[in-house]
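The values are calculated or read from the model by the stated rules, or taken from the named source; none is laboratory data. None of the values given here were measured: they were computed from a predicted structure. Please note: Cβ atoms are built from the backbone with ideal geometry, for glycine as well, and neighbour counts cover all protein chains shown.
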Amino acid sequence: MIKSRVMKSILFILCATIFSISALHAQKPEVILKNKPGWHKIGDANVDFKTDRDQFKILGADRFKSLRVKVVDAPLHIDKMQVYYEGGGKEDVALRSDFKEGSKSKVIGLKNNSAELNKVEFVYHTIPNTKADKAHIELWGLK
């Protein structure tokens with residue numbers, strides 16, 4: 001009986017710990033309020049040295065013609081970028097490359113520029129550098 005209680009307690013603590021860690025890595029939704037033409041910052045994130053996966057969930061005024069990535073603080077390597085549309089469509093973006101600190105990607109024209117975006121997902125990592133700084137990425141959208 002005591003072993004059963006101890007096992008249940010350990011299982012509960014383990015589940016609570018896993019849930020807490022998952023919640024820490026969850027990306028908050030990016031709420032876009034403006035619909036006027038021009039570039040709008042959708043969101044930003046800090047990038048680890050190990051391979052990292054982040055999602056920019058987009059709510060509100062979420063129709064964009066193009067996207068652009070800006071890299072700040074340290075160099076960054078992007079392995080994969082995918083754009084997900086409301087209603088289930090997905091677009092793989094050919095952006096696999098290294099970016100220097102302070103650089104921007106090319107303007108990425110979206111194939112389905114009349115659809116609403118659901119999220120943009122990145123697989124990437126900070127490139128080791130002499131200052132040991134982590135990269136900071138900004139995602140911008142053009143209306």
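Each row is one residue, and each column tells you yes or no for (1) of a type in the set (S, T, N, Q); (2) loosely packed, with under 15 Cβ neighbours inside 10 Å; (3) over 20 Å from residue 57 (Cα atoms).
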residue: 95; (1), (2), (3): no, no, no
residue: 100; (1), (2), (3): no, yes, yes
residue: 104; (1), (2), (3): no, yes, yes
residue: 108; (1), (2), (3): no, no, no
residue: 114; (1), (2), (3): yes, yes, no
residue: 125; (1), (2), (3): no, no, no
residue: 131; (1), (2), (3): no, yes, yes
residue: 137; (1), (2), (3): no, no, no
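Step by step: first the residues of the stretch 102-123, then only those that are of a type in the set (S, T, N, Q) and more than 18 Å from the chain's Cα centre (by Cα), then the one that is farthest from residue 82 (Cα to Cα). Which residue is that? Among those residues, the one meeting the criterion is 114. Within the bounds of the stretch 69-91, is there any residue that is modelled with pLDDT under 95 and hydrophobic (A, V, I, L, M, F, W, C)? The answer is no, given that none of the residues of the stretch 69-91 is modelled with pLDDT under 95 and hydrophobic (A, V, I, L, M, F, W, C). Scanning the stretch 38-86 for residues that are under 19 Å from residue 114 (Cα atoms) and acidic (Asp, Glu), we see that the one that is surrounded by the fewest Cβ atoms within 10 Å (Cβ to Cβ) is 86. Listed here are the strands (runs of 3 or more DSSP E) enclosed by the stretch 55-143 that have at least 3 residues being within 27 Å of residue 34 (Cβ to Cβ), without any contact (Cβ under 8 Å) to a residue 40 or more places away in the chain and not charged (D, E, K, R): 76-85.
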